[in-house]
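Here the structure is laid out as structure tokens; the discussion comes afterwards.
The values are calculated or read from the model by the stated rules, or taken from the named source; none is laboratory data. Note that the structure is a prediction, hence the values are computed from the model and not measured. Cβ sites come from the backbone with ideal geometry, for glycine too, and all protein chains shown count toward neighbours.
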Amino acid sequence: MIKAILIFNNHGKPRLIRFYQYFAEDLQQQIIRETFHLVSKRDDNVCNFLEGGSLIGGSDYKLIYRHYATLYFVFCVDSSESELGILDLIQVFVETLDKCFENVCELDLIFHMDKVHYILQEVVMGGMVLETNMNEIVGQVELQNRMEKSEPTSRSPSAVACQVITLPVM
């Protein structure tokens with residue numbers, strides 16, 4: 001089962017954080033710092049699997065990550081998950097983001113956080129993998145975009161024409 005998904009930049013700033021197991025907020029921040037420290041100090045030519053940090057479960061958990069440009073995509077999983085399967089899942093997630101945002105970059109994650117969370121929910125929900133087919137995920141995202149565009153936009157009171165009703169005087 002996936003316990004957490006962390007995306008942070010080369011400087012350790014979190015760009016997307018999703019915990020599927022409860023941790024207090026201060027402990028979450030410590031986990032993010034520890035995970036960044038563990039992952040960022042590794043050479044690019046070593047394997048992308050390592051034991052979880054002491055705060056997130058130690059040897060019972062694995063950190064599986066990929067480093068793309070300025071972002072680290074880190075999945076914290078328990079021993080029941082396949083390392084290669086999770087690496088493939090990270091690749092599918094990144095390729096889906098790339099397809100939806102047309103050359104995704106760190107700023108897309110910052111300014112379109114709602115869309116990024118929606119894409120992530122199409123891939124993983126509650127720590128369980130839902131979909132690994134990129135075309136299915138992109139199709140659902142496009143359907144969601146069409147639904148949002150077809151919904152009537154809420155108008156501000158100044159944009160709505162006011163109708164004056166005169167009541168008869170008694």
What pairs can you find where one residue is in segment 109-126 and closer than 13 Å to ASP98 by Cα, the other is among the hydroxyl-bearing types (Ser, Thr, Tyr), and their Cβ atoms are less than 7 Å apart, with a gap of 6+ or different chains?
ILE119/THR96
Inspect segment 51-64 for any residue being in contact with a strand residue (DSSP E or B) (Cβ under 8 Å, 6 or more places away or on another chain), farther than 17 Å from MET1 by Cα and among the hydrophobic types (A, V, I, L, M, F, W, C) and give the result as yes or no.
no
What pairs come up if the first residue lies in segment 32-48 and is on the phi < 0 side of the Ramachandran plot, the second is crowded, with 16+ Cβ neighbours inside 10 Å and assigned to a helix (DSSP H, G or I), and their beta carbons are under 7 Å apart, counting only those six or more places apart or on different chains?
ASN48/LEU87
Just wondering, is there one or more residues in segment 1-24 that are free of Cβ contacts under 8 Å to residues at least 12 places away in the same chain and part of a helix (DSSP H, G or I)?
no
Is one or more of the residues making up segment 38-56 modelled with pLDDT under 90, within 18 Å of GLY127 (Cα to Cα) and either within 16 Å of the chain's Cα centre (by Cα) or not charged (D, E, K, R) (or both)?
yes
Looking for something surrounded by 16 or more Cβ atoms within 10 Å (Cβ to Cβ) and closer than 19 Å to VAL116 by Cβ - is there at least one such residue anywhere in segment 50-65?
yes
